[in-house]
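Below: one structure, written as structure tokens.
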Ligand code: PGA
């Protein structure tokens, strides 16, 4: 099934200053090759969304988080409606760095529901902290999916993207990258979960991305061997040339 591809850059708490953010964003937008089968999304810090939304329509914007309430006395929080208004169309939810700050599966579930009702596409991150010989990590991922997608209507699953991000493969301190085979095994598990809970049509159409030290050397194999539907990219998304090379690899054809 041709699901189309998606490459998302997660800028995290970078770069320092809106001038620098605009420069990186423009470099990506200007040099982005035309490929209607691969969508390119950048998720900058909230405060840059509005400025970047005015620079180019070639790159779609996303947020890195939202609060689950729509408005009210929640000091320091930002709502789904606010980020939508600032230009975001996607939102990363359940990222391991937010889970590490105390975000619970229940919070993530509420955020997924709020995002959908406000017209944002959730990019739900799942992934185990470590791997064990007994495959307990399968259960970890199933539990994350079960809790995050609890009470979601079948008809809303089409707006959800799932990113498999093994925590041990993320960031500068990563133990190692995952392999395309490891990714494929988990994407089969995710599709089976979606099939059992939301039906075959949703299972076949949901996009499953790989995230965790994606770079110009490993990206192609995750597409051709791992059959990933795209990537959630951290560090490399702040380097326009590297990010665009990863974008090009996302358009590679699977090996027959
Ligand atoms: P990384 O981050 O590509 O820098 O490992 C990935 C992520 O946290 O989404």
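Here are some residues: 124, 149. Which one is surrounded by 15 or more Cβ atoms within 10 Å (Cβ to Cβ), in contact (Cβ under 8 Å) with a residue 24 or more places away in the chain, away from the ligand (no atom under 16 Å from the Cβ) and under 23 Å from residue 41 (Cβ atoms)?
Unique residue meeting the criteria: 149.
From the list 138, 183, pick out the single residue that is within 25 Å of residue 222 (Cβ to Cβ) and surrounded by 20 or more Cβ atoms within 10 Å (Cβ to Cβ).
183
Hey, among the residues in the stretch 7-21 that are surrounded by 20 or more Cβ atoms within 10 Å (Cβ to Cβ) and closer than 17 Å to residue 95 by Cα, which one's farthest from the ligand (Cβ to nearest atom)? Break it down stepwise before answering.
In the first step, residues of the stretch 7-21 are kept if they are surrounded by 20 or more Cβ atoms within 10 Å (Cβ to Cβ); the result is 7-11, 21.
So of that shortlist, the ones also closer than 17 Å to residue 95 by Cα come out as 7-11.
Numbers: 7: 12, 8: 8, 9: 9, 10: 4, 11: 10 Å.
Restricting to residues being surrounded by 20 or more Cβ atoms within 10 Å (Cβ to Cβ) and closer than 17 Å to residue 95 by Cα, the top hit is 7.
Go through the stretch 153-180 and give me each residue that's within 11 Å of the ligand (Cβ to nearest atom) and in a helix (DSSP H, G or I).
Within the stretch 153-180, 167, 168, 169 meet the criteria.
Return the only residue of 66, 92 being in contact (Cβ under 8 Å) with a residue 40 or more places away in the chain and within 16 Å of the ligand (Cβ to nearest atom).
After ruling out the rest, the residue left standing is 92.
Give the residue that is nearest to the ligand (Cβ to nearest atom), with candidates limited to residues of the stretch 236-248 that are surrounded by fewer than 23 Cβ atoms within 10 Å (Cβ to Cβ) and part of a helix (DSSP H, G or I).
Only one residue tops the list, namely 236.
Please specify each residue of the stretch 220-238 satisfying the condition of being over 19 Å from residue 36 (Cα atoms) and either modelled with pLDDT under 95 or within 18 Å of the chain's Cα centre (by Cα) (or both).
Residues satisfying the conditions are 222, 226, 233, 234, 235, 236, 237, 238.
Here are some conditions: (1) within 14 Å of the ligand (Cβ to nearest atom); (2) within 17 Å of the chain's Cα centre (by Cα). Residue 207 meets all but one. Which one does it not meet?
Result: residue 207 passes all but (1).
The values are calculated or read from the model by the stated rules, or taken from the named source; none is laboratory data. Values in this document were obtained by computation on a predicted structure and should not be read as measured data. Every residue, glycine among them, receives a Cβ derived from its backbone with ideal geometry; neighbour counts consider all protein chains shown.
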